[in-house]
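A short write-up of the structure that comes next.
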Amino acid sequence: MTSNHAFSAPARGLLVAGAFALVVTVLEAAAPILVPILLAVFIAIVTTPILHWMRSRGIPKWGALMVIAFVLLDVGSLFALITTGAVEGFRNSLPTYQERFMAFSYQLGGWLESVGAGGSREAIPDLLDPNKLVHGVRLLLSNASGLFAMGFLVLLATIFILLEAPTIPAKLRAAFHLTEEGDARLKRLLDTVNRYMQIKTLTSFGTAVCVWLLLWVFGIDFAILWAVLAFFLNFVPVLGNILMMIPPVLLALIQTGPRTALLVAIGYLVINTVIGNVLEPRIMGKGLGVSTLAIFISLLFWGWLFGTVGMFLAVPLTAAVVIALDANPHTRPLAILLGPEITEVTTPDADSP
């Protein structure tokens, strides 16, 4: 004789919360291993259609993989050369910028004191300390070798994932006994992430080109460095569009003056508005099925969990979580809460004809 002991709703809630806390703790501890694997997975998802296209043209698998690896290595090396060279030049010019910035901060503090903000002449230089920027640039250059090693590790992981790509769906179906519905969800997840990453890469490249032209027209130093920064920060939702404009606007302020800095800031706002709010939604269509609030919360959560890489991958990771939650009736309410806006469906009254 068997008896079923059902958990109460509070007990189930405590169990779910404990399991979630345990999973998060394990993920945080395993972040150094998971970060390059996550990057490799998303790069492999984007490049898999290219692999299939080359295979359909009669190119053998090893040849297609060599082409993809060569292109990824070349693109990564080009970004690395451009970035390190520009950062090195920026570091050499920092003493000059530092003197101009300190002079401008004293002028700004004096103006604030003239309008009634006492103590601003001493507070502004302490608040906007350029030594922190110098330390950050030196730290970035000192960690360049570690970044290159991580990039090479991501490239190797991507190649191995692409080697297994044709057999992964069959393995998942056999391992987890996926039904047609589960197989459709997996395909929808891959298609959604693939489409998002491709469109985001194109719009980020367009943003970088527009930023470079804007800064080149106004004669702002190291325009290529700020264009590369704009390319990567465009992947970060919400905060990326704000963070990408701060360094060039400050540089324009100390290099030319407030008028040029204002024009550069307006230019950034126009670029981000046109590309991010007009072109990108039209190309992406209905989007990823994630609400704006969920994207902002996910940015904080994945950024805390996986650092900078988590912020870059916050949107596709959240989309994957939403699709996974939607697969189970018990977690479907969470998927609905994290999903996009829904229109209220009014049901007719029972008494109405």
### Query
Any residue in the stretch 288-296 that is buried (at least 17 other Cβ atoms within 10 Å of the Cβ) and closer than 15 Å to Gly240 by Cα?
yes
### Message
Quick check on the stretch 321-329. Is at least one of its residues in a loop (DSSP other than H, G, I, E, B) and in contact with a Phe, Trp or Tyr (Cβ under 7 Å, 6 or more places away or on another chain)?
### Response
no
### Summary
Heads up, the helices (runs of 4 or more DSSP H) in the stretch 191-271 (entirely inside) with at least 1 residues that are under 19 Å from Ile295 (Cα atoms) and of a type in the set (A, V, I, L, M, F, W, C) are 223-233, 240-243
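The rows are residues; the columns are (1) open to solvent by 80 Å² or more (accessible area, probe 1.4 Å); (2) under 25 Å from Val46 (Cβ atoms); (3) among the basic types (Lys, Arg); (4) modelled with pLDDT under 70.
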site: Glu122; (1), (2), (3), (4): yes, no, no, yes
site: Glu164; (1), (2), (3), (4): yes, yes, no, no
site: Leu190; (1), (2), (3), (4): no, yes, no, no
site: Ile199; (1), (2), (3), (4): no, yes, no, no
### Query
Just to be sure, is Leu38 aliphatic (A, V, I, L, M), under 20 Å from Phe148 (Cβ atoms) and touching a Gly at 6+ places or on another chain (Cβ under 9 Å)?
yes
### Query
For Leu338, are the conditions met, namely being over 30 Å from Glu99 (Cα atoms) and either basic (Lys, Arg) or at pLDDT 80 or above (or both)?
no
### Task
For residues that are touching a Gly at 6+ places or on another chain (Cβ under 9 Å) and surrounded by fewer than 18 Cβ atoms within 10 Å (Cβ to Cβ), tally how many sit in the stretch 319-333.
1
### Task
Could you pull out the residue among Phe222, Phe231 that is open to solvent by 30 Å² or more (accessible area, probe 1.4 Å) and either within 18 Å of Phe79 (Cα to Cα) or in contact with a helix residue (DSSP H, G or I) (Cβ under 9 Å, 6 or more places away or on another chain) (or both)?
Phe222
### Summary
Only one of (1) touching a Pro at 6+ places or on another chain (Cβ under 9 Å); (2) at pLDDT 85 or above does not apply to Val290, and that is (2)
### Task
Test Leu186 against the criterion of being surrounded by fewer than 17 Cβ atoms within 10 Å (Cβ to Cβ), in contact with a Leu (Cβ under 7 Å, 6 or more places away or on another chain) and at pLDDT below 80, and give yes or no.
no
### Message
For the stretch 238-245, check the following and say yes or no: at least one residue is touching a Phe, Trp or Tyr at 6+ places or on another chain (Cβ under 6 Å) and farther than 30 Å from Ile336 by Cβ.
### Response
yes
### Query
Under the condition of being open to solvent by 70 Å² or more (accessible area, probe 1.4 Å) and in contact (Cβ under 8 Å) with a residue 24 or more places away in the chain, which residue from the stretch 73-94 is nearest to Ala252 (Cα to Cα)?
Arg91
### Task
Within the stretch 33-54, identify whether any single residue is within 30 Å of Asp221 (Cα to Cα), surrounded by 15 or more Cβ atoms within 10 Å (Cβ to Cβ) and modelled with pLDDT of 70 or more, and answer yes or no.
no
### Message
So for the stretch 59-72 (the condition being open to solvent by less than 80 Å² (accessible area, probe 1.4 Å) and not in a helix (DSSP H, G or I)), does at least one residue qualify?
### Response
yes
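The values are calculated or read from the model by the stated rules, or taken from the named source; none is laboratory data. Here the structure is a predicted model, which is why all the values come from computation and not from measurement. Reconstructed Cβ throughout: ideal geometry from the backbone, glycine too, with neighbour counts over all protein chains shown. All accessible areas refer to the heavy atoms of the entire protein, side chains included, with ligands and DNA or RNA removed. Shrake-Rupley method; radii C 1.70, N 1.55, O 1.52, S 1.80 Å.
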